[in-house]
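One structure below.
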Amino acid sequence: MKTMSPARTACGADPSISLNVCIRTTYPPPPIPTYLPASQYSVKCWGCRKASASKANAFGYDGSMDETDTRQAIKDTALELLVRHGYRGTSFGDISAALGTTRANIHYHFGNKQALVDEVLGDYMEATLSALRAVWSDEGAKLSDQVEAMIAYSRGRFLHFNPPDTKGRNWSLITRLRQDAELLGADGQKMLDHFGAELSMLFTDALSAAGRRGELAPNIVPSDAALLLAAIADNAAPITLAEGGFDMLEKTYRSLAQIIKSSTY
């Protein structure tokens with residue numbers, strides 16, 4: 001039985017590391033391009049004030065960036081703040097203070113808040129879908145292994161924003177921006193609408209492969225089971241928020257796996 005590497009399922013468990021940086025370096029899917037290869041990433045920032053390095057370090061930057069990486073650093077910091085505070089609660093002033101740069105620097109790179117948020121959301125969705133493809137497109141893994149890898153991936157993101165002794169914090173950019181959807185541009189709204197459909201297609205392919213391997217119960221239609229799996233994944237953060245922790249999400253994934261799997265597995 002092939003098992004998932006712990007390194008591939010622990011992304012986000014260390015709150016001191018930027019979630020975007022963690023996703024890019026922990027889930028590098030060679031066939032699917034990410035927005036910045038880890039080998040080209042450096043924690044430097046052109047325009048950042050060295051005096052504010054202590055603030056920048058909260059998101060993994062040292063306050064000494066050069067111009068080529070500033071744009072990415074702004075997006076990484078914006079992601080952290082948007083997940084925590086949403087569109088309404090995140091300003092260019094908040095981002096510049098956290099990163100140790102100026103508002104003018106952010107305006108120079110992105111022009112306006114809507115453009116920045118749209119790009120951050122697009123990167124986040126691609127990174128998320130790439131990571132999930134790495135889990136669910138692994139033909140050498142059993143369905144039970146894939147479900148456990150999915151749980152571990154979600155737990156890592158959950159713990160990034162809900163470290164020990166805390167709970168009830170949002171940990172999904174998509175969930176947070178859906179609360180502010182009317183403030184997004186047309187592109188941002190389309191991306192939010194598109195995410196669920198992407199999940200359904202991904203899970204339909206994965207469960208169809210599981211069916212061909214004989215892992216599904218005879219009465220299970222892969223596309224129907226995929227809709228249920230996508231509904232859980234698309235609402236993972238709300239489930240943990242409603243239940244006050246990660247346990248219910250974990251149980252929900254495993255319960256669905258128990259329902260759809262063949263009795264011989």
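The values are calculated or read from the model by the stated rules, or taken from the named source; none is laboratory data. Please read all numbers here as calculations on a predicted model, not as lab measurements. Virtual Cβ from ideal backbone geometry, glycine too; neighbours counted across all protein chains shown. The area values use the complete protein model at the heavy-atom level, side chains included, leaving out ligands, DNA and RNA. Shrake-Rupley method; radii C 1.70, N 1.55, O 1.52, S 1.80 Å.
Side notes on the structure shown:
- Distance in nm between pseudo-label sites at Ala242 and Ser208 (7 Å out along the Cβ direction from Cα): 3.0 nm
- The Cα atoms of the range 161-223 give a gyration tensor whose axes a ≥ b ≥ c have a/c of 1.5 or more with a/b no greater than b/c, which makes the shape oblate.
- Potential lengthening between Thr102 and Glu139 on full extension [0.36 nm per residue; Cα-Cα distance subtracted]: 8.6 nm
- Sorting Glu80, Glu243, Glu148 by solvent-accessible area of protein heavy atoms yields Glu243, Glu148, Glu80, largest first, with a 1.4 Å probe.
- The order of His160, His85 by accessible area, most exposed first and with a 1.4 Å probe, is His85, His160.
- Rounded to the nearest Hz, the phi-derived 3J(HN,Hα) couplings of the range 246-261 under the Karplus curve 6.51 cos²θ - 1.76 cosθ + 1.60 (θ = phi - 60°) are 8, 4, 5, 4, 4, 5, 5, 4, 5, 5, 4, 4, 5, 5, 8, 7, where x marks glycine and proline.
- Prolate/oblate/rounded call for the range 143-191, Cα gyration tensor, a/c under 1.5 rounded: oblate
- Heavy-atom accessible area ranking, 1.4 Å probe, most first, across Met150, Met248: Met248, Met150
- The chymotrypsin sites (Phe, Trp or Tyr not before Pro) of the range 144-229 include none that meets both criteria, a DSSP state outside H, G, I, E and B (loop) and at most 15 other C-beta atoms within 10 angstrom of the site's C-beta.
- Amide H contacts for Lys261 (H built 1.01 Å from N in the peptide plane; partners 5 or more residues away or on another chain; cut-off under 5 Å): Ala217.
- Split the accessible area of the range 168-252 by element, probe 1.4 Å, and carbon with sulfur accounts for 55%.
- Filter on Lys142/Lys251; Lys142/Lys190; Lys190/Lys251; Lys75/Lys251 - keep pairs with C-alpha separation over 27 Å: Lys142/Lys190; Lys190/Lys251; Lys75/Lys251
- Gyration tensor (alpha-carbon) shape descriptor, the range 166-265, a/c threshold 1.5: oblate
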